[in-house]
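The values are calculated or read from the model by the stated rules, or taken from the named source; none is laboratory data. Bear in mind the structure is a predicted one, so any value in this text is a computation, not a measurement. Backbone-built Cβ (ideal geometry, glycine too); neighbour counts: all protein chains shown. Side chains included, ligands, DNA and RNA excluded: accessible areas come from the protein's heavy atoms. Shrake-Rupley method; radii C 1.70, N 1.55, O 1.52, S 1.80 Å.
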Amino acid sequence: MTAKKVDEIVKVTNLKKYFEVERDIIQKLSSKTKRYVKAVDGVSFSIKRGEVFGLVGESGSGKTTTGRLIINIIQPTEGEILFDGIDLTTLSKGEMKKIRKRMQVIFQDPYASLNPRMKIGKALIQPLEIHRIGTPGERKDMALRLLEHVGLTPPEIIYTKYPHQLSGGQRQRVVIARALILHPEFVLADEPIAMADVSMRVLLLELMMKLKEEFNLTYLFITHDLATAKYVCDMIAIMYLGKIVEIGKLKDVFKNPLHPYTKALLSAIPIPDPEHKRKIEIPKGEIPNPINPPSGCRFHPRCPYKMDICEKEEPPLKIIDEEHSVACHLFD
Ligand code: SF4
């Protein structure tokens, strides 16, 4: 009997990842206390099967670390990660290997993701070899079919090429094909179009959405760009300095953004209409140092609506409407 699949393919609760800051010899001798980068600091959310869940934020917000924790490339400092109801933090290496087949990654840089000395065909069949799936002939057939599926034709020629013999867009298609060769259920797409030419970006997003339907996929889509998130996501969570500050259905967050940071990000999306003038609310200053984050609300040094309480108390994530939540004292 097969186990009943849960509706939420991923559920994380109070997830934390602190990286210890390296100390030089003098700091060690002077026994300065250890310091930590709080890359992810207590995030909770769930991803429903079949949805595209966007994790959006500036660089340093903790979105990539959150993605890597979920697919178990790195271990959390604290918190629970459920994948299809199974707690990944408690699995042995062998048990994790079986689950890993069901979750794959598309990284930002296709050139770095592919071994420059390995032909495309070999790169594609390698996951099948590791998991002992099919005969050599069957593996080659699967790879050729998938190359064609992602628009790389003629597949027999692409199969024999090295990564440097392909264009950037073709390489990203290979990375997508390799992520799908094991027929995963869940794909972490970490800035999957950031390195592609502008002209290729929409085509790659369309391809990913087509494959989502054909392969019954769930995506965790990580991006710094709300305009890209708008194109593909069903749900989005906005991250700032290791925390989720707003989360909700994409349409609700775009129609009614609640957090001042979300409003600022939205106001920075260009509008393709020269007549339309919009007040740009870019937050002042840089994202603060995560080793020593601001007290209270971490956004307070950049927030135009800051109140006294904001420096003192951290606002909890509060449900405002259905699945729409925000962490801001304006909604206390
Ligand atoms: Fe701004 Fe205060 Fe809300 Fe933080 S809690 S976003 S500082 S108003």
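Some notes on this structure:
- Looking at Lys210, Lys243, Lys251, just one residue is without any contact (Cβ under 8 Å) to a residue 40 or more places away in the chain and closer than 21 Å to Ser46 by Cβ, and that residue is Lys251.
- So Ile244, is it at pLDDT 95 or above, assigned to a strand (DSSP E or B) and open to solvent by 10 Å² or more (accessible area, probe 1.4 Å): yes
- Qualifying residue in the stretch 190-202 (condition: more than 15 Å from the chain's Cα centre (by Cα), open to solvent by 10 Å² or more (accessible area, probe 1.4 Å) and of a type in the set (Lys, Arg)): yes
- Index of the failed condition, Lys312 passing every other in (1) more than 11 Å from the ligand (Cβ to nearest atom); (2) at pLDDT 95 or above; (3) open to solvent by 80 Å² or more (accessible area, probe 1.4 Å): (1)
- Per the listing Tyr219, Tyr231, the residue uniquely modelled with pLDDT of 95 or more, away from the ligand (no atom under 12 Å from the Cβ) and aromatic (Phe, Trp, Tyr) is Tyr219.
- In the stretch 21-127, counting only strands (runs of 3 or more DSSP E) that sit wholly within it, the ones holding 2 or more residues that are open to solvent by less than 80 Å² (accessible area, probe 1.4 Å) and closer than 30 Å to Ser167 by Cα span 52-56, 103-106.
- Residue check, Pro301 assigned to a helix (DSSP H, G or I), more than 8 Å from the ligand (Cβ to nearest atom), on the phi < 0 side of the Ramachandran plot and open to solvent by less than 70 Å² (accessible area, probe 1.4 Å): yes
- Long-range neighbours under 8 Å by Cβ, at least six apart or interchain, first residue part of a helix (DSSP H, G or I) within the stretch 305-326, second near the ligand (Cβ under 10 Å from one of its atoms) and open to solvent by 70 Å² or more (accessible area, probe 1.4 Å): Ile309/Asp332
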